[in-house]
Amino acid sequence: MNVSADNYLGLQGLEEEGRALHELAAELFPLNRSITGKGLRDTLRRLGRELPFTLHELPTGTEVLDWTVPDEWNIREAWIKGPDGRRVVDFAESNLHVVGYSEPVHCRLSLEALQSHLHSLPEQPELIPWKTSLYRRDWGFCLRHPDREALAEGEYEVFIDSSLEAGSLSYGEILIPGRREEEILFSAHCCHPSLANDNLSGLVVLRRLAELLGQAERRFSYCFVFAPGTIGAITWIARNRERLARVRMGLVVAGVGDRGHLHYKRSRHPESELDRLMERTLAQSGQGFHMLPFTPDGYDERQYGSPGIDLEVGRLSRTPWGSYPEYHTSGDNLSFLAPESLAGSLAVLASLVERLESAVYYRNLRPEGEPQLGRRGLYAALGGHRDPDRREAAMRWLLNLSDGRHSRGDIARASGFDAEFLGEVAGTLIEHQLLSEEG
Ligand code: ZN
(Lines give C-alpha, C1' and ligand atoms only; values in the text may rest on other atoms or scores of the structure.)
Protein backbone atom coordinates (compact mmCIF):
# COMPACT_ATOMS: atom_id res chain seq x y z
CA MET A 1 0.00 0.00 0.00
CA ASN A 2 1.46 3.35 -0.98
CA VAL A 3 0.69 6.97 -1.69
CA SER A 4 1.11 7.43 -5.44
CA ALA A 5 4.39 8.93 -6.60
CA ASP A 6 2.74 12.03 -8.06
CA ASN A 7 0.35 12.43 -5.11
CA TYR A 8 -1.56 15.07 -7.02
CA LEU A 9 -4.12 15.39 -4.22
CA GLY A 10 -1.50 15.95 -1.54
CA LEU A 11 -2.36 12.99 0.70
CA GLN A 12 -0.58 13.02 4.05
CA GLY A 13 1.21 9.89 5.17
CA LEU A 14 -1.25 7.01 5.34
CA GLU A 15 -0.74 6.55 9.05
CA GLU A 16 -1.72 10.15 9.63
CA GLU A 17 -4.67 9.94 7.23
CA GLY A 18 -5.87 6.73 8.89
CA ARG A 19 -5.72 8.24 12.35
CA ALA A 20 -7.70 11.34 11.31
CA LEU A 21 -10.34 9.27 9.50
CA HIS A 22 -10.80 7.03 12.53
CA GLU A 23 -11.07 10.07 14.82
CA LEU A 24 -13.89 11.55 12.77
CA ALA A 25 -15.68 8.18 12.70
CA ALA A 26 -15.39 8.06 16.50
CA GLU A 27 -16.90 11.53 16.78
CA LEU A 28 -19.87 10.55 14.60
CA PHE A 29 -20.32 7.06 16.03
CA PRO A 30 -22.71 7.86 18.92
CA LEU A 31 -25.18 9.90 16.83
CA ASN A 32 -28.51 8.18 16.33
CA ARG A 33 -28.78 8.16 12.55
CA SER A 34 -31.75 6.85 10.64
CA ILE A 35 -33.30 7.64 7.26
CA THR A 36 -34.57 10.93 8.77
CA GLY A 37 -34.21 12.89 11.99
CA LYS A 38 -31.82 14.86 14.12
CA GLY A 39 -28.96 12.34 14.27
CA LEU A 40 -28.87 12.19 10.48
CA ARG A 41 -28.97 15.99 10.17
CA ASP A 42 -26.19 16.47 12.76
CA THR A 43 -24.05 13.87 10.97
CA LEU A 44 -24.49 15.62 7.62
CA ARG A 45 -23.66 19.03 9.08
CA ARG A 46 -20.48 17.68 10.63
CA LEU A 47 -19.44 16.04 7.35
CA GLY A 48 -19.99 19.26 5.43
CA ARG A 49 -18.21 21.56 7.87
CA GLU A 50 -15.76 23.88 6.05
CA LEU A 51 -16.63 22.35 2.67
CA PRO A 52 -18.90 23.64 -0.14
CA PHE A 53 -21.77 21.70 1.36
CA THR A 54 -25.54 21.93 0.93
CA LEU A 55 -27.98 20.32 3.34
CA HIS A 56 -31.14 19.46 1.42
CA GLU A 57 -34.45 18.91 3.18
CA LEU A 58 -37.47 17.39 1.47
CA PRO A 59 -40.83 17.54 3.27
CA THR A 60 -42.66 14.42 4.40
CA GLY A 61 -45.16 13.32 1.79
CA THR A 62 -43.13 14.48 -1.23
CA GLU A 63 -43.31 11.93 -4.01
CA VAL A 64 -39.94 10.84 -5.34
CA LEU A 65 -40.08 8.43 -8.27
CA ASP A 66 -42.16 5.49 -6.99
CA TRP A 67 -41.61 6.42 -3.32
CA THR A 68 -42.90 8.94 -0.80
CA VAL A 69 -40.79 10.78 1.77
CA PRO A 70 -41.84 9.23 5.13
CA ASP A 71 -42.56 10.82 8.49
CA GLU A 72 -39.51 12.08 10.32
CA TRP A 73 -38.43 9.92 13.26
CA ASN A 74 -36.85 11.33 16.40
CA ILE A 75 -36.21 9.66 19.72
CA ARG A 76 -35.16 11.06 23.05
CA GLU A 77 -35.36 8.21 25.53
CA ALA A 78 -36.28 4.52 25.64
CA TRP A 79 -36.02 1.79 28.22
CA ILE A 80 -37.53 -1.38 29.64
CA LYS A 81 -37.95 -1.73 33.40
CA GLY A 82 -38.11 -5.20 34.93
CA PRO A 83 -40.53 -6.45 37.61
CA ASP A 84 -38.11 -5.13 40.28
CA GLY A 85 -38.16 -1.63 38.73
CA ARG A 86 -34.57 -1.87 37.44
CA ARG A 87 -33.82 -0.86 33.82
CA VAL A 88 -32.93 -4.02 31.88
CA VAL A 89 -32.47 -2.28 28.51
CA ASP A 90 -31.62 1.39 28.02
CA PHE A 91 -31.30 3.35 24.76
CA ALA A 92 -28.87 5.66 26.57
CA GLU A 93 -26.31 2.83 26.58
CA SER A 94 -26.51 2.05 22.86
CA ASN A 95 -28.77 3.37 20.15
CA LEU A 96 -28.84 -0.15 18.67
CA HIS A 97 -31.07 -1.14 21.61
CA VAL A 98 -34.15 0.38 19.96
CA VAL A 99 -35.59 -0.82 16.66
CA GLY A 100 -35.20 2.08 14.22
CA TYR A 101 -38.43 3.98 13.55
CA SER A 102 -40.07 2.55 16.69
CA GLU A 103 -43.35 4.34 17.37
CA PRO A 104 -43.87 5.90 20.81
CA VAL A 105 -45.10 3.54 23.50
CA HIS A 106 -45.59 3.54 27.25
CA CYS A 107 -47.23 0.42 28.67
CA ARG A 108 -46.98 -2.45 31.10
CA LEU A 109 -46.98 -5.98 29.78
CA SER A 110 -46.03 -9.56 30.67
CA LEU A 111 -42.68 -11.05 29.71
CA GLU A 112 -44.46 -13.27 27.22
CA ALA A 113 -46.09 -10.31 25.48
CA LEU A 114 -42.79 -8.40 25.59
CA GLN A 115 -40.89 -11.25 23.90
CA SER A 116 -42.54 -10.60 20.53
CA HIS A 117 -40.95 -7.11 20.59
CA LEU A 118 -37.44 -8.33 21.48
CA HIS A 119 -34.63 -9.25 19.09
CA SER A 120 -31.38 -11.05 19.93
CA LEU A 121 -28.87 -13.31 18.20
CA PRO A 122 -28.66 -16.82 19.73
CA GLU A 123 -25.81 -17.64 17.32
CA GLN A 124 -23.82 -14.51 18.25
CA PRO A 125 -25.02 -14.10 21.83
CA GLU A 126 -22.69 -11.25 22.82
CA LEU A 127 -23.75 -8.95 19.98
CA ILE A 128 -26.71 -6.58 19.86
CA PRO A 129 -28.43 -6.84 16.48
CA TRP A 130 -29.49 -3.73 14.55
CA LYS A 131 -33.08 -3.75 13.35
CA THR A 132 -35.40 -1.21 11.78
CA SER A 133 -39.05 -1.08 10.89
CA LEU A 134 -38.97 1.74 8.40
CA TYR A 135 -42.11 1.30 6.40
CA ARG A 136 -44.33 -0.59 8.89
CA ARG A 137 -45.41 0.94 12.22
CA ASP A 138 -44.00 -1.14 15.06
CA TRP A 139 -41.77 -0.86 18.11
CA GLY A 140 -39.08 -3.10 19.54
CA PHE A 141 -35.83 -3.54 21.42
CA CYS A 142 -32.59 -5.34 20.56
CA LEU A 143 -30.35 -6.88 23.19
CA ARG A 144 -27.63 -9.42 23.91
CA HIS A 145 -29.03 -12.93 23.98
CA PRO A 146 -27.84 -13.77 27.54
CA ASP A 147 -29.50 -10.55 28.81
CA ARG A 148 -32.71 -11.64 27.17
CA GLU A 149 -32.47 -15.12 28.68
CA ALA A 150 -31.92 -13.63 32.12
CA LEU A 151 -35.26 -11.77 32.05
CA ALA A 152 -37.43 -12.98 34.96
CA GLU A 153 -41.16 -13.68 34.77
CA GLY A 154 -43.34 -10.78 35.77
CA GLU A 155 -44.65 -7.46 34.61
CA TYR A 156 -42.46 -5.10 32.55
CA GLU A 157 -42.77 -1.38 31.90
CA VAL A 158 -41.81 -0.21 28.42
CA PHE A 159 -41.18 3.41 27.46
CA ILE A 160 -40.20 4.81 24.10
CA ASP A 161 -40.25 8.60 23.87
CA SER A 162 -40.13 8.92 20.11
CA SER A 163 -42.04 10.88 17.51
CA LEU A 164 -43.10 10.00 13.98
CA GLU A 165 -44.35 13.25 12.51
CA ALA A 166 -44.36 15.34 9.38
CA GLY A 167 -40.84 16.71 8.99
CA SER A 168 -38.31 16.16 6.28
CA LEU A 169 -35.78 13.84 4.73
CA SER A 170 -32.25 15.23 4.82
CA TYR A 171 -29.36 14.56 2.50
CA GLY A 172 -26.09 16.35 1.95
CA GLU A 173 -24.22 17.30 -1.16
CA ILE A 174 -20.73 18.65 -1.75
CA LEU A 175 -20.03 20.03 -5.20
CA ILE A 176 -16.44 20.70 -6.26
CA PRO A 177 -16.54 22.32 -9.70
CA GLY A 178 -13.87 21.70 -12.33
CA ARG A 179 -13.09 23.07 -15.82
CA ARG A 180 -15.67 20.73 -17.29
CA GLU A 181 -19.30 20.53 -16.25
CA GLU A 182 -19.11 16.74 -16.50
CA GLU A 183 -19.42 15.26 -13.03
CA ILE A 184 -17.86 12.35 -11.24
CA LEU A 185 -20.32 11.18 -8.58
CA PHE A 186 -19.35 9.70 -5.22
CA SER A 187 -22.16 8.44 -3.02
CA ALA A 188 -22.40 6.95 0.45
CA HIS A 189 -25.35 6.03 2.65
CA CYS A 190 -25.64 7.66 6.07
CA CYS A 191 -28.73 6.12 7.68
CA HIS A 192 -27.20 3.63 10.14
CA PRO A 193 -26.85 4.51 13.84
CA SER A 194 -23.83 3.35 15.86
CA LEU A 195 -22.32 1.12 13.19
CA ALA A 196 -18.81 1.92 12.07
CA ASN A 197 -17.87 0.08 8.91
CA ASP A 198 -21.37 0.02 7.51
CA ASN A 199 -21.77 3.59 6.91
CA LEU A 200 -19.24 5.71 8.78
CA SER A 201 -16.26 4.34 6.83
CA GLY A 202 -17.64 5.47 3.47
CA LEU A 203 -18.70 8.84 4.86
CA VAL A 204 -15.38 9.82 6.43
CA VAL A 205 -13.30 8.59 3.48
CA LEU A 206 -15.42 10.51 0.96
CA ARG A 207 -15.46 13.66 3.10
CA ARG A 208 -11.66 13.63 3.10
CA LEU A 209 -11.52 13.00 -0.65
CA ALA A 210 -13.78 16.03 -1.20
CA GLU A 211 -11.54 18.12 1.02
CA LEU A 212 -8.42 17.09 -0.91
CA LEU A 213 -10.08 17.68 -4.28
CA GLY A 214 -11.11 21.18 -3.21
CA GLN A 215 -7.44 22.10 -2.96
CA ALA A 216 -6.41 20.67 -6.35
CA GLU A 217 -6.58 21.83 -9.97
CA ARG A 218 -9.48 19.93 -11.56
CA ARG A 219 -10.60 18.93 -15.03
CA PHE A 220 -13.86 17.28 -13.94
CA SER A 221 -16.48 18.45 -11.47
CA TYR A 222 -17.00 16.20 -8.46
CA CYS A 223 -20.27 15.65 -6.66
CA PHE A 224 -20.44 13.93 -3.27
CA VAL A 225 -23.84 12.70 -2.13
CA PHE A 226 -24.41 11.61 1.46
CA ALA A 227 -27.93 10.24 1.54
CA PRO A 228 -30.01 7.76 3.51
CA GLY A 229 -29.95 4.35 1.78
CA THR A 230 -32.52 3.74 -0.98
CA ILE A 231 -34.97 6.61 -0.26
CA GLY A 232 -32.13 9.18 -0.14
CA ALA A 233 -30.50 8.12 -3.40
CA ILE A 234 -33.93 7.92 -5.03
CA THR A 235 -34.63 11.45 -3.80
CA TRP A 236 -31.34 12.73 -5.19
CA ILE A 237 -32.06 11.12 -8.56
CA ALA A 238 -35.62 12.50 -8.64
CA ARG A 239 -34.41 16.03 -7.90
CA ASN A 240 -31.54 15.99 -10.39
CA ARG A 241 -33.07 14.51 -13.52
CA GLU A 242 -31.69 17.16 -15.87
CA ARG A 243 -28.28 16.82 -14.33
CA LEU A 244 -27.90 13.07 -14.77
CA ALA A 245 -26.67 13.50 -18.33
CA ARG A 246 -23.64 15.33 -16.95
CA VAL A 247 -22.64 12.43 -14.69
CA ARG A 248 -19.78 10.76 -16.49
CA MET A 249 -19.40 7.98 -13.94
CA GLY A 250 -19.83 7.36 -10.24
CA LEU A 251 -18.87 5.21 -7.34
CA VAL A 252 -20.80 4.09 -4.30
CA VAL A 253 -18.39 3.80 -1.37
CA ALA A 254 -19.48 1.69 1.60
CA GLY A 255 -17.87 -0.71 4.02
CA VAL A 256 -14.29 0.38 3.32
CA GLY A 257 -12.88 0.23 6.85
CA ASP A 258 -12.74 -3.45 7.84
CA ARG A 259 -9.55 -5.49 7.56
CA GLY A 260 -10.61 -7.46 4.47
CA HIS A 261 -9.51 -7.11 0.85
CA LEU A 262 -10.95 -4.47 -1.41
CA HIS A 263 -13.87 -5.51 -3.63
CA TYR A 264 -14.90 -3.55 -6.68
CA LYS A 265 -18.37 -4.24 -8.01
CA ARG A 266 -18.62 -3.38 -11.69
CA SER A 267 -21.17 -0.94 -13.04
CA ARG A 268 -24.17 -2.04 -15.07
CA HIS A 269 -22.35 -1.04 -18.27
CA PRO A 270 -20.21 -3.87 -19.61
CA GLU A 271 -16.63 -2.75 -20.19
CA SER A 272 -17.28 0.75 -18.90
CA GLU A 273 -14.61 3.41 -18.61
CA LEU A 274 -15.01 3.31 -14.83
CA ASP A 275 -14.49 -0.45 -14.67
CA ARG A 276 -11.29 -0.16 -16.73
CA LEU A 277 -10.03 2.65 -14.50
CA MET A 278 -10.84 0.83 -11.27
CA GLU A 279 -9.26 -2.41 -12.39
CA ARG A 280 -5.98 -0.67 -13.21
CA THR A 281 -6.10 1.48 -10.09
CA LEU A 282 -6.59 -1.55 -7.87
CA ALA A 283 -3.99 -3.62 -9.68
CA GLN A 284 -1.41 -0.94 -8.97
CA SER A 285 -2.52 -0.17 -5.41
CA GLY A 286 -0.36 -2.81 -3.77
CA GLN A 287 -3.49 -4.02 -1.93
CA GLY A 288 -5.34 -7.30 -2.39
CA PHE A 289 -8.55 -6.92 -4.38
CA HIS A 290 -11.37 -8.77 -6.12
CA MET A 291 -13.57 -7.73 -9.03
CA LEU A 292 -17.28 -8.52 -8.73
CA PRO A 293 -19.91 -8.48 -11.48
CA PHE A 294 -22.84 -6.05 -11.36
CA THR A 295 -25.85 -7.44 -9.51
CA PRO A 296 -29.12 -5.61 -8.73
CA ASP A 297 -28.57 -5.72 -4.96
CA GLY A 298 -26.23 -4.15 -2.41
CA TYR A 299 -26.22 -0.40 -1.78
CA ASP A 300 -27.36 2.51 -3.92
CA GLU A 301 -25.56 1.34 -7.04
CA ARG A 302 -28.87 -0.39 -7.70
CA GLN A 303 -30.68 2.98 -7.77
CA TYR A 304 -28.09 4.70 -9.97
CA GLY A 305 -28.00 1.53 -12.06
CA SER A 306 -31.78 1.09 -12.38
CA PRO A 307 -32.70 0.71 -16.08
CA GLY A 308 -34.37 4.12 -16.50
CA ILE A 309 -31.43 5.93 -14.86
CA ASP A 310 -28.61 3.69 -16.04
CA LEU A 311 -25.61 5.67 -14.81
CA GLU A 312 -22.16 4.18 -15.04
CA VAL A 313 -21.83 3.60 -11.27
CA GLY A 314 -19.80 0.88 -9.55
CA ARG A 315 -19.12 0.21 -5.88
CA LEU A 316 -16.00 0.08 -3.76
CA SER A 317 -16.12 -1.95 -0.53
CA ARG A 318 -13.83 -4.18 1.44
CA THR A 319 -15.51 -7.35 2.72
CA PRO A 320 -18.88 -7.40 0.91
CA TRP A 321 -21.98 -6.46 2.96
CA GLY A 322 -23.65 -9.30 4.80
CA SER A 323 -20.65 -11.61 4.58
CA TYR A 324 -18.87 -10.64 7.82
CA PRO A 325 -20.30 -11.73 11.18
CA GLU A 326 -20.20 -8.22 12.65
CA TYR A 327 -22.50 -6.91 9.87
CA HIS A 328 -25.52 -4.99 11.28
CA THR A 329 -24.59 -5.78 14.89
CA SER A 330 -22.80 -4.06 17.75
CA GLY A 331 -19.68 -5.93 16.54
CA ASP A 332 -19.40 -3.35 13.74
CA ASN A 333 -17.89 -0.86 16.15
CA LEU A 334 -14.88 1.43 16.28
CA SER A 335 -12.43 -1.39 16.98
CA PHE A 336 -13.72 -3.24 13.91
CA LEU A 337 -12.72 -0.15 11.92
CA ALA A 338 -9.01 -0.24 11.02
CA PRO A 339 -7.28 3.12 10.43
CA GLU A 340 -4.95 1.50 7.85
CA SER A 341 -7.94 0.14 5.92
CA LEU A 342 -9.62 3.53 5.87
CA ALA A 343 -6.39 5.12 4.65
CA GLY A 344 -5.84 2.37 2.06
CA SER A 345 -9.34 2.93 0.68
CA LEU A 346 -8.75 6.68 0.53
CA ALA A 347 -5.46 6.08 -1.30
CA VAL A 348 -7.26 4.00 -3.95
CA LEU A 349 -9.85 6.71 -4.51
CA ALA A 350 -7.16 9.39 -4.67
CA SER A 351 -5.32 7.38 -7.27
CA LEU A 352 -8.52 6.84 -9.27
CA VAL A 353 -9.06 10.60 -9.33
CA GLU A 354 -5.45 11.17 -10.29
CA ARG A 355 -5.86 8.84 -13.28
CA LEU A 356 -8.99 10.66 -14.38
CA GLU A 357 -7.33 14.03 -14.08
CA SER A 358 -4.05 13.15 -15.76
CA ALA A 359 -5.38 11.00 -18.62
CA VAL A 360 -5.03 12.30 -22.18
CA TYR A 361 -8.29 12.19 -24.13
CA TYR A 362 -8.62 12.86 -27.85
CA ARG A 363 -11.80 13.46 -29.80
CA ASN A 364 -12.28 12.25 -33.36
CA LEU A 365 -13.62 15.28 -35.23
CA ARG A 366 -14.82 13.18 -38.20
CA PRO A 367 -16.33 10.22 -36.38
CA GLU A 368 -18.97 9.29 -38.99
CA GLY A 369 -17.36 6.82 -41.33
CA GLU A 370 -13.63 6.73 -41.74
CA PRO A 371 -12.09 10.05 -42.80
CA GLN A 372 -10.41 9.97 -46.17
CA LEU A 373 -6.76 9.87 -45.24
CA GLY A 374 -5.46 9.82 -48.82
CA ARG A 375 -7.22 13.05 -49.80
CA ARG A 376 -5.47 14.80 -46.95
CA GLY A 377 -2.10 13.50 -48.02
CA LEU A 378 -1.83 11.44 -44.89
CA TYR A 379 -0.76 8.32 -46.72
CA ALA A 380 1.83 10.47 -48.51
CA ALA A 381 2.88 11.92 -45.18
CA LEU A 382 3.71 8.43 -44.08
CA GLY A 383 6.09 8.03 -47.00
CA GLY A 384 9.01 9.52 -45.20
CA HIS A 385 8.72 7.09 -42.27
CA ARG A 386 10.37 3.72 -41.94
CA ASP A 387 7.19 2.07 -40.75
CA PRO A 388 4.17 3.40 -42.71
CA ASP A 389 2.01 0.37 -41.87
CA ARG A 390 2.50 0.85 -38.17
CA ARG A 391 1.63 4.54 -38.35
CA GLU A 392 -1.44 3.85 -40.43
CA ALA A 393 -2.64 1.24 -37.92
CA ALA A 394 -2.04 3.68 -35.06
CA MET A 395 -4.11 6.31 -36.90
CA ARG A 396 -6.98 3.89 -37.21
CA TRP A 397 -6.85 2.98 -33.52
CA LEU A 398 -6.71 6.65 -32.53
CA LEU A 399 -9.59 7.60 -34.82
CA ASN A 400 -11.72 4.70 -33.72
CA LEU A 401 -11.29 4.93 -29.95
CA SER A 402 -11.11 8.72 -29.60
CA ASP A 403 -14.73 8.94 -28.54
CA GLY A 404 -14.03 10.88 -25.36
CA ARG A 405 -14.40 7.76 -23.23
CA HIS A 406 -11.09 6.07 -24.02
CA SER A 407 -7.91 7.67 -22.79
CA ARG A 408 -4.62 7.44 -24.66
CA GLY A 409 -3.65 4.78 -22.12
CA ASP A 410 -6.74 2.76 -23.05
CA ILE A 411 -5.86 3.06 -26.75
CA ALA A 412 -2.30 1.95 -25.99
CA ARG A 413 -3.54 -1.17 -24.20
CA ALA A 414 -6.08 -2.00 -26.90
CA SER A 415 -3.69 -1.49 -29.82
CA GLY A 416 -0.38 -2.61 -28.34
CA PHE A 417 1.26 0.68 -29.37
CA ASP A 418 3.01 2.66 -26.69
CA ALA A 419 1.48 5.93 -25.51
CA GLU A 420 4.42 8.01 -26.70
CA PHE A 421 4.14 6.72 -30.27
CA LEU A 422 0.38 7.25 -30.19
CA GLY A 423 0.95 10.81 -28.99
CA GLU A 424 3.23 11.50 -31.95
CA VAL A 425 0.78 10.04 -34.50
CA ALA A 426 -2.07 11.92 -32.79
CA GLY A 427 -0.07 15.11 -33.37
CA THR A 428 -0.24 14.50 -37.13
CA LEU A 429 -4.02 13.87 -36.96
CA ILE A 430 -4.46 17.06 -34.91
CA GLU A 431 -2.55 19.06 -37.56
CA HIS A 432 -5.00 17.75 -40.15
CA GLN A 433 -8.01 18.63 -37.95
CA LEU A 434 -9.14 15.05 -37.65
CA LEU A 435 -8.50 14.90 -33.92
CA SER A 436 -8.49 17.32 -31.02
CA GLU A 437 -7.07 16.93 -27.56
CA GLU A 438 -9.66 17.46 -24.85
CA GLY A 439 -8.90 19.68 -21.87
ZN1 ZN B 1 -26.31 -1.66 6.20
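The values are calculated or read from the model by the stated rules, or taken from the named source; none is laboratory data. Since the structure is predicted, the reported quantities are computational estimates derived from the model, not experimental observations. In this analysis, Cβ positions are derived from the backbone assuming ideal geometry, glycine residues included, and neighbour counts consider all displayed protein chains. Surface areas here come from the heavy atoms of the whole protein model, side chains and all, with no ligands, DNA or RNA. Shrake-Rupley method; radii C 1.70, N 1.55, O 1.52, S 1.80 Å.
Inside region 96-112, can you point out the residues that are surrounded by 12 or more Cβ atoms within 10 Å (Cβ to Cβ) and in a helix (DSSP H, G or I)?
Leu96, His97, Leu111
Within region 42-79, how many residues are open to solvent by 30 Å² or more (accessible area, probe 1.4 Å), charged (D, E, K, R) and under 24 Å from Gly140 (Cα atoms)?
Result for region 42-79: 3.
Exactly one condition in (1) in a loop (DSSP other than H, G, I, E, B); (2) open to solvent by 70 Å² or more (accessible area, probe 1.4 Å); (3) under 20 Å from Ile176 (Cβ atoms) is not met by Leu9; state its number.
Failed condition: (2).
Cβ-Cβ distance below 6 Å, separation of 6 or more or different chains: which pairs start in region 313-325 with a residue that is within 12 Å of the ligand (Cβ to nearest atom) and end on one that is modelled with pLDDT of 95 or more?
Qualifying pairs under 6 Å: Ser317/Ala254; Ser317/Gly255; Ser317/His263; Pro320/His263; Trp321/Gly255.
Here's the yes/no breakdown for (1) modelled with pLDDT under 95; (2) crowded, with 24+ Cβ neighbours inside 10 Å; (3) among the β-branched types (Val, Ile, Thr); (4) within 17 Å of the chain's Cα centre (by Cα):
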| site | (1), (2), (3), (4) |
| --- | --- |
| Ser187 | no, yes, no, yes |
| Ala196 | no, yes, no, yes |
| Arg219 | no, no, no, no |
| Phe226 | no, yes, no, yes |
| Val247 | no, no, yes, yes |
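Since Ser120 meets every condition but one in (1) more than 16 Å from the ligand (Cβ to nearest atom); (2) surrounded by fewer than 16 Cβ atoms within 10 Å (Cβ to Cβ); (3) on the phi < 0 side of the Ramachandran plot, which condition does it not meet?
It fails just one condition, (2).
When the residues of region 256-303 are filtered to those that are over 26 Å from Glu357 (Cβ atoms) and surrounded by 22 or more Cβ atoms within 10 Å (Cβ to Cβ), which remaining residue is nearest to the ligand (Cβ to nearest atom)?
That would be Asp258.
Could you tell me which of the residues Arg266, Arg302, Arg241, Arg218 is without any contact (Cβ under 8 Å) to a residue 12 or more places away in the chain, touching a Pro at 6+ places or on another chain (Cβ under 8 Å) and in the same structural domain as Leu14 (by TED's automatic domain parsing)? I'd like the intermediate steps shown before the answer.
Working: Arg266 fails: without any contact (Cβ under 8 Å) to a residue 12 or more places away in the chain; Arg241 fails: touching a Pro at 6+ places or on another chain (Cβ under 8 Å); Arg218 fails: without any contact (Cβ under 8 Å) to a residue 12 or more places away in the chain.
None of the others qualify; the one that does is Arg302.
With respect to Thr281, is the statement that it is at pLDDT 95 or above and under 18 Å from Asp198 (Cβ atoms) true? Write out each step before concluding.
On the way: at pLDDT 95 or above: yes; under 18 Å from Asp198 (Cβ atoms): no.
Judged against the criteria, Thr281 is not a match.
Scan region 113-155 for residues that are under 19 Å from Ser94 (Cβ atoms) and in a strand (DSSP E or B) and jot them down.
Residues satisfying the conditions are Leu118, His119, Pro129, Thr132, Phe141, Cys142.
Please go through region 353-381 and give me each residue that is within 30 Å of Leu11 (Cα to Cα), out of contact with any Leu (no Cβ under 8 Å at 6 or more places or on another chain) and open to solvent by 50 Å² or more (accessible area, probe 1.4 Å), ordered by number. Steps first, answer last, please.
Looking only at region 353-381, we keep the residues that are within 30 Å of Leu11 (Cα to Cα), and these are 353-362.
Okay, now just the ones that are also out of contact with any Leu (no Cβ under 8 Å at 6 or more places or on another chain), so 357-361.
Within region 353-381, just Ser358 meets the criteria.
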